[in-house]
Amino acid sequence: MTKKYNIAIVGATGAVGEQLRYLLAQSKIPYDKVRLLASSRSAGKELSVGDEKYTVEELTADSFEGIDIAFFSAGGDRSKEFAPKAVEAGAVVVDNTSAYRMDEDTPLIVPEVNQEAMDNHHGLIANPNCSTIQMVMALRPIEKAFGLKRVIVSTYQAVSGAGTRAVLEMENQFRDILSGDAIDEPKILPVAGDKKHYQMAFNVLAQIDKFQDNHYTFEEMKMTNETKKILGRPDLPVSATCVRVPVVKGHAESVYIEIDRDDVTIEDLMAVLNQADNVIVEDDVKQQVYPQPVNAVNRPETFVGRIRQDLDVKNGFHLWIVSDNLWKGAAYNSIEIAETLIARDLI
């Protein structure tokens, strides 16, 4: 008889929580009970998981009794406070915040890339940053085939990565501007908790998360440090510039890499990427075919195109990488982690 698992979703009313609820119902996870958890403001709401309706409960320290798998997507502070409680209660936590990603004892997992790192988990698995996930999906097969010496990435990140309120603010700005009205004073982007806020509609913001002492943002440092951890390459030079663009869903990245060989062709890279799990190569410049965020929405794959050899560096290549930031970049990867835990008999 197939074992069934009791599931909790922390942050069930948020942008990622919504996708988790949808994808859980479509997943290979044999689940029995589902507990939807959120703040006291949302308690009492009715939300669906598949055809079933559930009442949202307030998140407390006692919310995890009888829970086998707990998905966390309610911010780092909530994860730091309540994830240990869930683990103590016997649940395996899949955390979609930055709270534990760089913790030495917490595996940071993209199942297609490094699922074996879960084998000795201590009840907590970290889901990487959305922009990191799609990049390592393309980097790992290339690294395995040809080695990897350097990574430089510039991102074009969708507003949904900053949450539902950020999307609504941008949509209201578009509506006001197109109607000839003045926009309300921005309150959320680039970072809700920072000193200044800027217009997102018809604009591009070269800041995601707060600036650090080294002049990089926290998002940029996440990409750098998480990529090294996932690939098991603390020595790998990685540098990022992370930019918010007025797109609702779907992150895009321009990635420059240097590999260990100088006899590799564009066709060699395409062949390797075409064989990688959940990677789709869309690259036919004669037909103007390349990945676009609008075509990646509600898709679990990572799309790679515009593969070019650098004009001056023989072992240098440029890639354009696109994925749905709320699916593969968050909820879908979390569900995949849980499916892999079950498949590897780690729960």
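The values are calculated or read from the model by the stated rules, or taken from the named source; none is laboratory data. Bear in mind the structure is a predicted one, so any value in this text is a computation, not a measurement. Here the Cβ positions follow ideal geometry from the backbone for every residue, glycine too, while neighbour counts run over all protein chains shown. Heads up: the accessible areas ignore ligands, DNA and RNA and are worked out on the full protein's heavy atoms, side chains in. Shrake-Rupley method; radii C 1.70, N 1.55, O 1.52, S 1.80 Å.
Just the number please: accessible area per residue for the chain, 1.4 Å probe, all protein chains included, in Å².
It amounts to 47 Å² per residue over the chain.
Report, to the nearest whole %, how much of the accessible area of the chain belongs to carbon and sulfur atoms, 1.4 Å probe, protein only.
Values: 7320 of 16170 Å².
On the chain, the fraction of accessible area on carbon and sulfur atoms equals 45 percent.
How high is the FRET efficiency between Asp105 and Val248 when r is their beta carbon distance and R₀ equals 45 Å, given to the nearest 0.05? Please list the in-between numbers first.
Details: r = 36 Å, r/R0 = 0.81.
Calculated value: 0.80.
Using only Cα atoms, what Kirkwood radius does the range 195-235 have, in angstroms?
Its Kirkwood hydrodynamic radius stands at 12.0 Å.
Among Ile321, Ile307, Ile177, which one shows the highest mean-square fluctuation when the chain is modelled as a Gaussian network with alpha-carbon springs under 10 Å?
Evaluated over the chain, the most mobile residue of the options is Ile177.
So what is log10(I(q)/I(0)) for the range 132-323 at q = 0.12, 0.13, 0.16, 0.18 1/Å, when the Debye sum runs over its Cα atoms only?
Debye output, listed in q order: -0.63, -0.73, -1.02, -1.19.
Which residue, chosen from Ile183, Pro293, Gln275, occupies the Cα position most advanced towards the positive end of the dipole of the range 132-323, where the dipole is computed from +1 (Lys, Arg) and -1 (Asp, Glu) charges on Cβ about the Cα centre?
Ile183
Count neighbours as other Cβ atoms within 10 Å of each site's Cβ, and list the trypsin sites (Lys or Arg not before Pro) in the range 194-287 that are DSSP loop with at most 16 such neighbours. Please report the intermediate quantities before stating the final value.
Details: sites: Lys195, Lys196, Lys210, Lys222, Lys228, Lys229, Arg244, Lys249, Arg261, Lys286; in loops: Lys195, Lys196, Lys210, Lys249, Arg261.
Here the trypsin sites (Lys or Arg not before Pro) that fit, given the DSSP loop and packing criteria, are Lys195, Lys196, Lys210, Arg261.
Binning at 5 Å from 0, report for the range 1-76 what percent of all alpha-carbon pair distances ends up in each bin.
For the range 1-76, the binned pair fractions read 4, 16, 30, 28, 15, 5, 1, 0 percent.
How would you classify the range 77-189 from its alpha-carbon gyration tensor, with a ≥ b ≥ c the square roots of the eigenvalues: rounded for a/c under 1.5, else prolate if a/b is greater than b/c, otherwise oblate?
Oblate is the answer for the range 77-189, as a/c is 1.5 or above yet b/c matches or exceeds a/b.
Report the relative contact order of the chain, percent, no decimals, based on alpha-carbon pairs under 8 angstrom and at least 6 residues apart.
Averaging sequence separation for qualifying contacts and normalising by length gives 18 percent for the chain.
R0 = 41 Å: FRET efficiency of Ala206 with Met1, Cβ-based, nearest 0.05? Before the final figure, lay out the partial values.
Details: r = 55 Å, r/R0 = 1.34.
According to the calculation, E is roughly 0.15.
What lysines sit close enough to Lys149 to cross-link, taking a C-alpha to C-alpha distance under 24 Å and skipping anything fewer than 8 places away on the same chain?
Reachable lysines: Lys222, Lys228, Lys229, Lys314.
Just one of [x] 81, 43, 32; [y] 59, 58, 42; [z] 63, 50, 46 is Cα extents along the principal axes in Å as worked out from the coordinates here. Which one is it?
Matching the structure shown: [y].
Between Glu282 and His197, with labels modelled 7 Å along Cα→Cβ, what's the label distance in nm to one decimal, could you check?
In this crude spin-label approximation the distance works out to 3.3 nm.
Sequence neighbours fewer than 8 away in the same chain don't count; with that in mind, list the aspartates and glutamates whose C-alpha is under 13 Å from Lys196.
Glu185, Asp209
Taking the Cα centre of the chain as the origin, how large is its charge dipole in debye, to the nearest 20, when only Lys and Arg (+1) and Asp and Glu (-1) carry charge on their Cβ atoms?
Its charge dipole is roughly 320 debye.
Determine the calculated [θ] at 222 nm for the chain from helices alone, applying -39500 (n - 2.57) to every DSSP H run no shorter than 4 residues and normalising by the residue count; nearest 500 deg cm²/dmol.
Working: 9 runs with 100 residues, N = 347.
The helix contribution divided over the chain gives -9000 deg cm²/dmol.
The range 20-49: which trypsin sites (Lys or Arg not before Pro) are DSSP loop and have at most 11 other beta-carbon atoms within 10 angstrom?
Lys28, Arg41
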